[in-house]
């Protein structure tokens, strides 16, 4: 399919960007999950609600009308992730991640602080961390604080396979020195 728009935070390719999220709420659950809900809107009209109960189950879509159900299903079917058509549920989760990371990125717009994100072995985004360093400095291989940052990040989550930082318009790999165990 041609004419798809690549989303900046997940790589999800979408046929249009008319769907937006509003009224996003999330909370930690007793089962160590994150429960969330968000209203899916198109041009200020509620199309439905995305919801995840945070108990290991998937993200569900509760449409406002039968037409909205069909339109969102058609939208999801036209999306691509890594060249494949993802299940509707994965599209919904990507939309939530896009919204959540866009909110995080907005907090780090000054250019004097950087937002880092952890990527797990499956390529999914884990935690985000803000640090007091300009993104331009993180791109320099000879940056003097990278060894300490590498140690701190490894200590905070030793199972993260990669870290990326937001440059202001895209995610870029953070090339950290190898820290022995």
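If you average the sequence gap of Cα pairs under 8 Å that are 6 or more apart and divide by the length of segment 108-173, what percent do you get for the contact order? Walk me through the numbers on the way to the answer.
On the way: 88 pairs, mean separation 25.4, N = 66.
It comes to 39 percent, rounded to a whole number.
What percent does the relative contact order of the chain come to when contacts are Cα pairs within less than 8 Å and at least six residues apart?
Rounded, it is 16 percent for the chain.
Roughly what angle does helix 146-156 make with the longest principal axis of the chain, taking Cα atoms, 0 to 90 degrees, to the nearest 10?
Roughly 50 degrees, rounded to the nearest 10.
Would you mind computing Rg(Cα) / (2.2 N^0.38 Å) for segment 1-64, counting N as its residues?
Numbers: Rg = 13.7 Å, N = 64, 2.2 N^0.38 = 10.7 Å.
In units of the 2.2 N^0.38 Å rule of thumb, it is 1.29.
Please build a GNM for the chain, connecting alpha carbons under 10 Å apart, and tell me which residue among 157, 122, 132 fluctuates the most.
122
Which percent of the Cα-Cα distances in segment 5-104 go past 17 Å?
Details: 2456 of 4950 pairs.
For segment 5-104, the fraction of Cα-Cα distances above 17 Å is 50 percent.
Can you give the translational diffusion coefficient of segment 108-173 in µm²/s, computed by Stokes-Einstein from the Kirkwood radius over Cα pairs at 20 °C and 1.002 mPa s? Walk me through the numbers before you get to the answer.
Numbers: Rh = 12.1 Å.
The calculation lands on 176 µm²/s.
Starting from the eigenvalues of the Cα gyration tensor, five times each then square-rooted, give me the equivalent ellipsoid semi-axes of the chain, largest first, whole Å.
On the way: eigenvalues 214, 64, 46 Å².
The answer is 33, 18, 15 Å, longest axis first.
Please build a GNM for the chain, connecting alpha carbons under 10 Å apart, and tell me which residue among 113, 161, 128 fluctuates the most.
Highest fluctuation of the listed residues: 161.
Could you check the spin-label model distance between residue 45 and residue 178? Points 7 Å from the Cα along Cα→Cβ, value in nm.
Those two pseudo-labels are separated by 5.7 nm.
Between 0 and 90 degrees, rounded to the nearest ten: what's the tilt of helix 66-78 against the longest Cα principal axis of the chain?
In the chain, helix 66-78 runs at an angle near 40 degrees to the longest axis.
Tilt of helix 88-107 relative to the longest C-alpha principal axis of the chain, in degrees (0 to 90, nearest 10)?
Rounded to the nearest ten degrees, it is 50.
What value, in deg cm²/dmol to 500, does the helix sum -39500 (n - 2.57) over DSSP H runs of n ≥ 4 give at 222 nm once divided by the residues of the chain? Please report the intermediate quantities before stating the final value.
On the way: 4 runs with 48 residues, N = 181.
For the chain, the value works out to -8000 deg cm²/dmol.
Who wins for biggest fluctuation among 149, 40, 101 in a Gaussian network model of the chain, springs between alpha carbons below 10 Å?
Among 149, 40, 101, the largest GNM mean-square fluctuation belongs to 149.
Where a number appears in this text, it was derived from the coordinates with a stated rule and is not lab data. Keep in mind the model is a prediction, meaning the values are calculated, not measured. Note: ideal-geometry Cβ built from the backbone for every residue, glycine included; neighbour counts use all protein chains shown.
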